[in-house]
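Colleague: First the structure, which I've put down as structure tokens, then a few questions once you've had a look.
The values are calculated or read from the model by the stated rules, or taken from the named source; none is laboratory data. This one's a predicted model, so the numbers in the text were calculated from it and none came from an experiment. Cβ atoms come from the backbone with ideal geometry, glycine included; neighbour counts cover every protein chain shown. With ligands, DNA and RNA removed, areas are computed over all heavy atoms of the protein, side chains included. Shrake-Rupley method; radii C 1.70, N 1.55, O 1.52, S 1.80 Å.
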Amino acid sequence: MLKEFKTLIPMVKKYKYFYIPGFLSLILVDAGELYIPRLMKKVIDYISTNDFSLEFVGKTVGLIIIIALGVAIARFGWRFFIIGASRRIESDLRYKLFSHLLTLSSSYFGKTKTGDLMARATNDMRAIRMASGMAFVAFVDATFLTIAILIIIFSEYPKLAAISIIPLPVITLLVLLTGKLIRKYFKAVQEGFSRLTENVQETLSGIRVIKSFAREDFFQDKFFKTNEEYKNSNMHLVRLWGFFFPLINFISGISIMLLFTFGGIAVIEKSITPGDFVALIGYLTMLTWPVMGMGCTVNILQRGAASLSRINEILQQEAEIKSPETSSKFIPGGNITIKNLNFSYLGSETRNNNAGILEEINLVIPKGSTLGILGRTGSGKSTFIRLLPRLLDPPAGTVFIGNTDIRDFELSELRSSIGFVPQDTFLFSSTIKENIKFGKPDAEDSEVMKMADLSTISRDLDDFPDGWETEVGERGISLSGGQKQRIAISRAMIMDPSILILDDAFSSVDTATEERILSGFLKVRKGKTNILVSHRVSTLFHADTIIVIDKGRIIQKGTHKELYEEEGFYREIAILQEAEA
Ligand code: ATP
Ligand code: MG
């Protein structure tokens, strides 16, 4: 358990100036509370000796007010300092988690459910906060109060104290025993919450498909079940607590009952005063909480440890793709050379009789040229181009820019020199302008406008309510597929990268518009390298060299003219598409 808390040590240290005054405030509260039974004793004993005076009442009331005020201030103090520290630790840890997630490679997000990550960032963080705040409070309180009360009652009424505290250790034991059960139920609750988040997240992001297939019922049922499971696991906890607290009260009741019996006799025999009797009741009642607190501390800490281990699991994940220890001092530029490249996604080798996704790729893309890539769906085109910015990692010694293995470049350096328009367009829920500027945050408005012209999205701006300040995505209007694609093209173009890759980026744009975009595009991109993946010969026509990929291999290579004249896949497709047009 202790090893899990290692993550928190630097944070606890950072906030030591919260924990120290917090600790002192706690002790002050406890001391104030310890004084109350004493005061009661004084008052009662005074009343029973008849020389009662207003002056005494005044003094006592004054004292009570002062103590109450002191305790109130100290209570504020420990809440402010300790709960404050735990909130700060939670916030720091959450930030650390988020920053770490950003460093991880996309393959990690491919195999991790978003809902689960969300649950960890919320529920587990709460458990950790409890461990770094309430556990500390419960521990200090429990230790200090238990020791202080035991010293007081044993030094003043040893016999009575010895008899009445007999049932109390049972409480600590009970808390510890139920702790195991609580943890089990708690874990089920956490997991249920993860599933629920996951379920909602997936349903909402797929809402269009669900509606068009009229499958609302299915998702409603699925949600009903997950929700029901979550409720049930919560109900386990509710029942347990419902049983637990009355039981604790019952046990501490036995303790008070013992005191009533033996203390009562002692008062009758005049071996203690009525004031002593009342004070003892006060102390014993107070003792219930710390003996429970001992068990609680252990439980909260264990729960926190469980959550921390779920967080540590993520924090210990290393990015699969990262910058080399010593990176090349060259800036990515020059010819792209691919030598003997074989690639397969991990674990998928067995899928099609051991064939990799890409096999024996050898290619040189001269600087300043435009490469076109054609191939059946699933042939490996997207895989191939994702290797260049290392969104997927090529084996060492296979992909070079200039004369440098791309694995030797600083990752951010490599990526910022490659513009990328992915096959599935993603826009942020922000304005059109901001989405374009994403490629170059410090771009001038005129630059953004120029890029909007190049991708022809500027022609559509008049139709939007706020022009390029129109919000898109969740918060604003929905764009057509072609509009999204053209914004994504502007976003990559504004980077003015030395290499620009368009993965089927015109698939939702009509051929006439595509023609218009491409002619402007190629003018601007003069002297820079472009890679166009497309299913349309009309797009590829503009490329200096075209390769045809089939089952991960380059089966044809040449200019449009050359490929059009030779028998093969390219010619077949070209003729087919000409006929359609
Ligand atoms: P399309 O024209 O449909 O876009 P593509 O040529 O771009 O097809 P790729 O996306 O490169 O095809 O996919 C090539 C093969 O790799 C396919 O068989 C696909 O199932 C597989 N594949 C793609 N992504 C992954 C992945 N993350 N993990 C495992 N296999 C994958
Ligand atoms: Mg693809």
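Colleague: If I go through the range 267-276 residue by residue, how many of them are over 22 Å from Leu34 (Cβ atoms) and either open to solvent by less than 40 Å² (accessible area, probe 1.4 Å) or assigned to a helix (DSSP H, G or I) (or both)? Working first, answer last.
Modeller: Of the range 267-276, the ones over 22 Å from Leu34 (Cβ atoms) are 267-271.
From what's left, either open to solvent by less than 40 Å² (accessible area, probe 1.4 Å) or assigned to a helix (DSSP H, G or I) (or both): 267-268.
The total comes to 2.
Colleague: Now a separate question. Would you confirm, using the coordinates I've provided, whether Ile300 is among the β-branched types (Val, Ile, Thr), open to solvent by 20 Å² or more (accessible area, probe 1.4 Å) and within 22 Å of the chain's Cα centre (by Cα)?
Modeller: The answer is yes for Ile300.
Colleague: Take residues that are more than 30 Å from Ile477 (Cβ to Cβ), open to solvent by less than 70 Å² (accessible area, probe 1.4 Å) and more than 13 Å from ligand 1 (Cβ to nearest atom) and tell me which of the helices (runs of 4 or more DSSP H) falling wholly in the range 327-439 contain 2 or more. First the steps, then the outcome.
Modeller: Numbers: elements: 381-386, 411-416, 432-437.
So the answer is 411-416.
Colleague: Of all residues in the range 280-317, which are of a type in the set (D, E, K, R) and in contact (Cβ under 8 Å) with a residue 24 or more places away in the chain?
Modeller: Arg303, Arg310
Colleague: Can I ask one more? Cβ-Cβ below 8 Å, separation at least six or inter-chain, first residue in the range 2-22 and under 17 Å from Val137 (Cα atoms) and of a type in the set (Ser, Thr, Tyr), second open to solvent by less than 80 Å² (accessible area, probe 1.4 Å) and outside any loop (DSSP other than H, G, I, E, B): which pairs?
Modeller: Here the result reads Tyr15/Ala85; Tyr15/Ile89; Tyr19/Val12; Tyr19/Phe81; Tyr19/Ile82; Tyr19/Ala85; Tyr19/Phe136, each pair linking the range 2-22 to a residue that is open to solvent by less than 80 Å² (accessible area, probe 1.4 Å) and outside any loop (DSSP other than H, G, I, E, B).
Colleague: Quick one: would you say Leu176 is of a type outside the set (Asp, Glu) and at pLDDT 85 or above? Don't jump to the end; show me each part of the working.
Modeller: Details: of a type outside the set (Asp, Glu): yes; at pLDDT 85 or above: no.
No; evaluated as a whole, the condition is false for this residue.
Colleague: For the range 478-535, how many residues meet the condition of being over 24 Å from Ile549 (Cβ atoms) and within 16 Å of ligand 1 (Cβ to nearest atom)?
Modeller: 1
Colleague: Now for a different question. Which of the following residues is surrounded by fewer than 17 Cβ atoms within 10 Å (Cβ to Cβ), out of contact with any strand residue (DSSP E or B) (no Cβ under 6 Å at 6 or more places or on another chain) and assigned by TED's automatic domain parsing to the domain that holds Leu240: Ile171, Ile182, Ile147, Ile153?
Modeller: On the way: Ile171 fails: surrounded by fewer than 17 Cβ atoms within 10 Å (Cβ to Cβ); Ile182 fails: surrounded by fewer than 17 Cβ atoms within 10 Å (Cβ to Cβ); Ile153 fails: surrounded by fewer than 17 Cβ atoms within 10 Å (Cβ to Cβ).
Answer to the check: Ile147.
Colleague: Does Lys41 meet the test of being in contact (Cβ under 8 Å) with a residue 60 or more places away in the chain, exposed (fewer than 15 other Cβ atoms within 10 Å of the Cβ), touching an Asp or Glu at 6+ places or on another chain (Cβ under 9 Å) and charged (D, E, K, R)?
Modeller: It is false that Lys41 is in contact (Cβ under 8 Å) with a residue 60 or more places away in the chain, exposed (fewer than 15 other Cβ atoms within 10 Å of the Cβ), touching an Asp or Glu at 6+ places or on another chain (Cβ under 9 Å) and charged (D, E, K, R).
Colleague: Right, Leu63: touching a Leu at 6+ places or on another chain (Cβ under 9 Å) and assigned by TED's automatic domain parsing to the domain that holds Ala148 or not?
Modeller: So Leu63 fits the description; yes.
Colleague: What are the pairs, 6+ residues apart or on separate chains, where a residue within the range 97-119 that is under 15 Å from Glu202 (Cα atoms) has its Cβ under 7 Å from a residue that is of a type in the set (Gly, Ala, Ser) and surrounded by 15 or more Cβ atoms within 10 Å (Cβ to Cβ)?
Modeller: Gly115/Ser194; Asp116/Ser194; Ala119/Ser194
Colleague: Something else now. Does at least one position in the range 277-290 carry a residue that is more than 19 Å from Ile44 (Cβ to Cβ), open to solvent by 40 Å² or more (accessible area, probe 1.4 Å), out of contact with any Ser or Thr (no Cβ under 6 Å at 6 or more places or on another chain) and of a type outside the set (D, E, K, R)?
Modeller: yes
Colleague: Given the criterion free of Cβ contacts under 8 Å to residues at least 24 places away in the same chain and within 26 Å of Val298 (Cβ to Cβ), identify the matching residue among Arg79, Arg75, Arg87.
Modeller: Selected residue: Arg79, the only one of Arg79, Arg75, Arg87 that is free of Cβ contacts under 8 Å to residues at least 24 places away in the same chain and within 26 Å of Val298 (Cβ to Cβ).
Colleague: Given the structure, is Phe250 in the same structural domain as Asn199 (by TED's automatic domain parsing), in a helix (DSSP H, G or I), out of contact with any Gly (no Cβ under 6 Å at 6 or more places or on another chain) and free of Cβ contacts under 8 Å to residues at least 60 places away in the same chain?
Modeller: Criteria met by Phe250.
Colleague: Within the range 86-93, is there a residue that is in contact with a helix residue (DSSP H, G or I) (Cβ under 7 Å, 6 or more places away or on another chain) and open to solvent by 20 Å² or more (accessible area, probe 1.4 Å)?
Modeller: Within the range 86-93, the subset in contact with a helix residue (DSSP H, G or I) (Cβ under 7 Å, 6 or more places away or on another chain) is 86-87, 89-90, 92-93.
So of that shortlist, the ones also open to solvent by 20 Å² or more (accessible area, probe 1.4 Å) come out as 87, 92.
Yes, some residue in the range 86-93 is in contact with a helix residue (DSSP H, G or I) (Cβ under 7 Å, 6 or more places away or on another chain) and open to solvent by 20 Å² or more (accessible area, probe 1.4 Å).
Colleague: Among the residues that make up the range 137-154, is at least one of them in contact with a Lys or Arg (Cβ under 7 Å, 6 or more places away or on another chain), under 30 Å from Asn123 (Cα atoms) and among the aromatic types (Phe, Trp, Tyr)?
Modeller: No: zero hits.
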